[in-house]
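First the structure, in the form of structure tokens, and then the observations on it.
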Amino acid sequence: MTRIHNFSAGPAALPEEVLKQAQEELLDWHGSGCSVMEMSHRGKEFTSIIEQAEADLRELMGIPEQYKVLFLQGGATQQFAQIPMNLLAGRSADYIVTGSWSKKAFKEAQRIGNVRCAATTEASNFTRLPVAEEIKLDPFAAYLHVCTNETIHGVEIPAERIADTGVPLVADMSSHILSRPVPVEKFGLIYAGAQKNIGPSGVTLVIIHRDLLGMAPLTIPTVMDYAVMAENGSMLNTPPTYGIYIAGLVFQWLKRQGGLEGMARINAEKARILYACIDQSGGFYRNPVDADCRSAMNVPFVLANPDLDAKFLAESKAAGLASLKGHKSVGGMRASIYNAVSLESVQALVAFMNEFAKRNG
Ligand SMILES: *Cc1c(COP(=O)(O)O)cnc(C)c1O
């Protein structure tokens, strides 16, 4: 068996240790005589799995007690609607648009209620963050929405740029949650689809301050109401049990990597060598994002000569380097180097890129 170096943007690589553990436990989880997929979500076995997953996540992220952790379904895309459904409460909300995903979130929220764009960098092709003077905040907004890592454009908001604006901050962290420490207390709500950096698709993580619970109008569907989900421990109905179990194994793996500090050190090194390769290629490769907001998780790059794109993709694939094609909206290439993508995989990519540039430059 040979496993590829997997640079997929999502669903993405999972730690091999986690997959092996899941394989070992597949038919008989801890002497229960059945798979996690086959057990009641209300039984004591699954209760212990979800409770352990939540406890490990709280420890990893340092989630304060006044926040609820929800394991939901519907993906980050469902949150684009669920957030305004729950939090607008007849008011308006602000959106900062820094790439395709925050643009989608803004557009979806327009279907639900009154929202404003407080700043957008679309005119700069989403290659930078807005500066303070460009951001026009409504001090009475129900919340301010940001995407802290734009998966397609490769723009990440550094933790130190997260400022208190006086209104609850809502963040889509789908593609970089758990990649480094996060000051959870600065946020009202954090959400993430699992399939980038948490586990398999089908689980959506929501971390919500309890002050934001119970604001939803009674006209929204019960399953969409955060307060109801929180009261029921994410089990109003059947939760995505197997995905939660795998996410729990990933949390334990992260603890073995030295938690989020340990993971952040490895991720910083991975990003450093990949951006250095691009920047030192003499223009053969180029990443268009401002240096102060380049993503450590999603690294888009273009070849100066796009006629070489197909050759790059074919030869990289033959070398075991998979899923490097850029998103169709931006073209070129993209290497997603999430937690489960090892330093060795990024080193293999860099070696290939250097060699390819030498041969074709
Ligand atoms: C992938 C992604 C989404 C969409 O996630 P789904 O779970 O497919 O709905 C939203 N936001 C960001 C930042 C993403 O990376």
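Okay, here's what the table says:
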item	result
Centre separation in Å (Cα based) which lies between segment 330-361 and segment 153-196	26
Antiparallel %, DSSP beta bridges [both residues in the chain], to 5	55
Residue (of Gln79, Leu19, Val184) at the positive-pole extreme of segment 16-256, dipole from beta-carbon charges	Gln79
Positive-end extreme of charge dipole, the chain - chosen from Ser32, Met263, Ser8 (charges on Cβ)	Ser8
Estimated distance in nm for a label pair at Ala310 and Thr77, the labels positioned 7 Å out from Cα along Cα-to-Cβ	3.0
Integer Hz, Karplus 6.51/-1.76/1.60 couplings in order for segment 326-336, x for Gly and Pro	x, 4, 4, 6, 10, x, x, 10, 8, 10, 8
Leading residue at positive end of dipole, segment 16-256 (Cβ point charges), from Leu213, Met229, Cys147	Cys147
Segment Arg161-Gln280, length gained on full extension (0.36 nm per residue, minus Cα span)	40.1 nm
Theoretical FRET efficiency, 1/(1+(r/R0)^6), r = Cβ-Cβ of Asp292 and Met224, R0 35 Å, to 0.05	0.40
Long-range amide H partners of Phe301 with built H, under 5 Å	Met333, Arg334, Ala335
Size of charge dipole - the chain - debye, nearest 20, with Cβ of Lys, Arg +1 and Asp, Glu -1, no other charges	800
Only Lys, Arg (+1) and Asp, Glu (-1) charged, at Cβ; segment 259-360 dipole about Cα centre in debye	220
Spacing of the two label points (7 Å from each Cα toward its C-beta) at His30 and Glu269, in nm	3.3
Cut-off 15 Å (backbone N to label point 7 Å along Cα→Cβ of Arg91), residues of segment 185-200	188-189
Lysines whose Cα lies under 23 Å from that of Lys325, excluding same-chain neighbours fewer than 8 positions away	Lys103, Lys104, Lys196, Lys270, Lys311, Lys317, Lys358
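Any read-out appearing in this document is the output of simple, stated calculations on the displayed coordinates, not a laboratory observation. Predicted model only: the values in this text are computed from it and were never measured. Every residue, glycine as well, gets a Cβ built from its backbone with ideal geometry; the counts of neighbours run over all protein chains shown.
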